[in-house]
Amino acid sequence: MSTAPTRLTRNRDYLAWLAADTSWQFGSAVHGFAMTLICYAVTGSYAQAGSIATVSTIVSMVVMVPGGVLVDRWDRRRSLMISGALRMVVYAAAATAWWAGVLTAPLLYAVGVASGVVTGLFSGASDAALRSVVGTADLPRAVASNQGRDGAVSLAAPPLSGLLMGASYALPFLTASIGSLLQILCTRRIRADLRPQHDRPSPGQDTWHQEMLAGFRTILGSPLLRRILPALILVNAGLNALYTGVTLILTGRGVPAWRIGLIDSVMAVGMLIGAVLAQRLISRVPTGRLVVTIFIACTAVLVPVALTQSVPVVLACFGVLGLLVPAVNGAMGGYLQAIIPDELQGRALAAMHLVQMTLPGLMPAAAGLGLQHLGAGPTMAATLILFPAAAILMATHRELRALPTPDRWEIGTVEP
């Protein structure tokens, strides 16, 4: 059973972890917004500017599972500090190259590839370390708080990045480099033991290939995870397709870009508010009931978006969606981290992230093709089917519906 929850603001290790995680996330968001625009400024090519983020994402996905093995082998403090140091050097080099007038397309692609490698190899270390920093009962509230943080980053990073680019294209890179330095400094202030706790035989007894497959075996070996993961894939795929479809339809109608951009802003504000509300909901409402209810509510909220792409309707629905996201992500994300043994955190989370990214990653292209060849009505109707399908998967699983509040969760119950 998990321990009783405590106030996160009184946990110095959590505050240090949050500062470290936010520092590199914010820096990367500033850099990520600017990267496409800088690439276009350097090359004058829309194709090259659009492909650089895709290349970085593909590289990250390729190394994600081997990265999970590293996260479970090494002290996670070391992984966090190495990743911070590598990012700091890469982004500082890019800033220096711009100031020196030698930032070319190949160098930009090298920055994108290097960033993707570091993210794929080490990003899981931060999530895996969170369980060592907070008690299991606090995991859902910590994850929900992180959702609010993500909303704040989404609001602040793009305009700041644009402002910095107005002064110098080197400044977004420099900001990302400083964020990585802050990650290192804040990680050093975490006092908790971040080494993987091996309650089972050491992973060193397995081959590298066996260790990489352990994360997938963990997912396939749990009936509950086999039900949860497809539902998460469906809802994320639906959101990606719906968001892409709505933005393309509104663009085709001549809606100004700034009004379309309000969708992200409204959802980010909703996430900020929702993160506060999620703290009480997660503690008081049984996890199974909370997750199933929110999945059904999300389906109902997004129906109007699929039926009519009126800007006020879209903004209202995505704002409500933002309110709901922190609670469901906090409850579900916290539960998944709680039931996975500590020595499997890196590999299992990497496997889940990789699987979750695959189908949703194809949805923007699918939405574009659907709008091109089928039209808005059939495409949006097809998108809408994914949400009730996910809700049905969740609502019809007895074990999931019966999940209690976090203080009564069973810890580390999933076997590799």
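The values are calculated or read from the model by the stated rules, or taken from the named source; none is laboratory data. Note that the coordinates shown come from a computational prediction; the quantities given were computed from them, not determined experimentally. FYI the Cβ positions are ideal-geometry reconstructions off the backbone, even for glycines, and counts take in every protein chain you see.
When the stretch 161-194 is filtered for residues that are assigned to a loop (DSSP other than H, G, I, E, B), of a type outside the set (Gly, Ala, Ser) and surrounded by 15 or more Cβ atoms within 10 Å (Cβ to Cβ), the ones remaining, listed by number, are 169, 190, 194. Output yes when any residue across the stretch 390-405 is buried (at least 20 other Cβ atoms within 10 Å of the Cβ), in a loop (DSSP other than H, G, I, E, B) and touching a residue at least 24 places away in the same chain (Cβ under 8 Å), and no when none is. There is at least one residue in the stretch 390-405 that is buried (at least 20 other Cβ atoms within 10 Å of the Cβ), in a loop (DSSP other than H, G, I, E, B) and touching a residue at least 24 places away in the same chain (Cβ under 8 Å).
Checking each residue in the stretch 1-49 for being under 30 Å from residue 168 (Cβ atoms), among the small types (Gly, Ala, Ser) and at pLDDT below 90 picks out 29, 32, 34, 41, 44, 45, 47, 49. Among residues of the stretch 198-213 being surrounded by 13 or more Cβ atoms within 10 Å (Cβ to Cβ) and closer than 22 Å to residue 80 by Cβ, the one that is modelled with the lowest pLDDT is 203.
Checking the stretch 77-84 against the condition returns a match, with at least one residue being without any contact (Cβ under 8 Å) to a residue 12 or more places away in the chain, surrounded by fewer than 21 Cβ atoms within 10 Å (Cβ to Cβ) and closer than 22 Å to residue 134 by Cα.
Go through 267, 271 for me and flag whichever is closer than 21 Å to residue 235 by Cα and in contact with a Pro (Cβ under 8 Å, 6 or more places away or on another chain).
Being closer than 21 Å to residue 235 by Cα and in contact with a Pro (Cβ under 8 Å, 6 or more places away or on another chain) holds for just one of 267, 271, which is 271.
Among the residues of the stretch 293-320, those identified as closer than 26 Å to residue 404 by Cβ and buried (at least 20 other Cβ atoms within 10 Å of the Cβ) are 294, 295, 298.
Selection of the stretch 339-356 for residues being of a type in the set (A, V, I, L, M, F, W, C) and surrounded by fewer than 22 Cβ atoms within 10 Å (Cβ to Cβ) yields 339, 354, 355.
Yes/no matrix, rows are residues, columns are (1) of a type outside the set (D, E, K, R); (2) within 25 Å of residue 258 (Cα to Cα); (3) more than 21 Å from the chain's Cα centre (by Cα):
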site: 305; (1), (2), (3): yes, yes, yes
site: 314; (1), (2), (3): yes, yes, yes
site: 318; (1), (2), (3): yes, yes, no
site: 330; (1), (2), (3): yes, no, no
site: 346; (1), (2), (3): yes, no, no
site: 358; (1), (2), (3): yes, no, no
site: 397; (1), (2), (3): yes, no, yes
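Per the listing 139, 103, 121, the residue uniquely in the same structural domain as residue 13 (by TED's automatic domain parsing) and more than 20 Å from the chain's Cα centre (by Cα) is 103. Checked against (1) surrounded by 16 or more Cβ atoms within 10 Å (Cβ to Cβ); (2) more than 24 Å from residue 261 (Cβ to Cβ), residue 62 passes all but a single condition, namely (1).
Restricting to the stretch 82-140, name every residue that is within 24 Å of residue 282 (Cβ to Cβ) and in contact with a Lys or Arg (Cβ under 7 Å, 6 or more places away or on another chain). 128, 129, 139, listed by residue number. Taking first residues from the stretch 233-249 that are buried (at least 24 other Cβ atoms within 10 Å of the Cβ) and partners that are among the aromatic types (Phe, Trp, Tyr) and in a helix (DSSP H, G or I), the Cβ contacts under 6 Å between residues at least 6 apart in sequence or on separate chains come to 238/387.
Hey, can you tell me all the residues within the stretch 87-114 that are surrounded by 18 or more Cβ atoms within 10 Å (Cβ to Cβ) and not aromatic (Phe, Trp, Tyr)?
Selection gives 87, 88, 90, 92, 94, 95, 97, 103, 108, 111, 112, 114.
Residue check: residue 396 meets all listed conditions (1) touching a helix residue (DSSP H, G or I) at 6+ places or on another chain (Cβ under 8 Å); (2) among the hydroxyl-bearing types (Ser, Thr, Tyr); (3) at pLDDT 90 or above but one, namely (1).
Per the listing 326, 364, the residue uniquely in a helix (DSSP H, G or I), surrounded by 19 or more Cβ atoms within 10 Å (Cβ to Cβ) and either touching a residue at least 60 places away in the same chain (Cβ under 8 Å) or not charged (D, E, K, R) (or both) is 326. Considering only residues in the stretch 256-288 that are among the β-branched types (Val, Ile, Thr) and assigned to a helix (DSSP H, G or I), the one that is surrounded by the most Cβ atoms within 10 Å (Cβ to Cβ) turns out to be 282.
Total residues in the stretch 7-58 satisfying the condition of being under 19 Å from residue 144 (Cβ atoms), among the polar types (S, T, N, Q) and crowded, with 17+ Cβ neighbours inside 10 Å: the figure is 3. Within the stretch 176-187, the set of residues being within 13 Å of residue 28 (Cβ to Cβ) and either of a type in the set (D, E, K, R) or under 21 Å from the mean Cα position of the chain (by Cα) (or both) comprises 176, 177, 179, 180, 182, 183.
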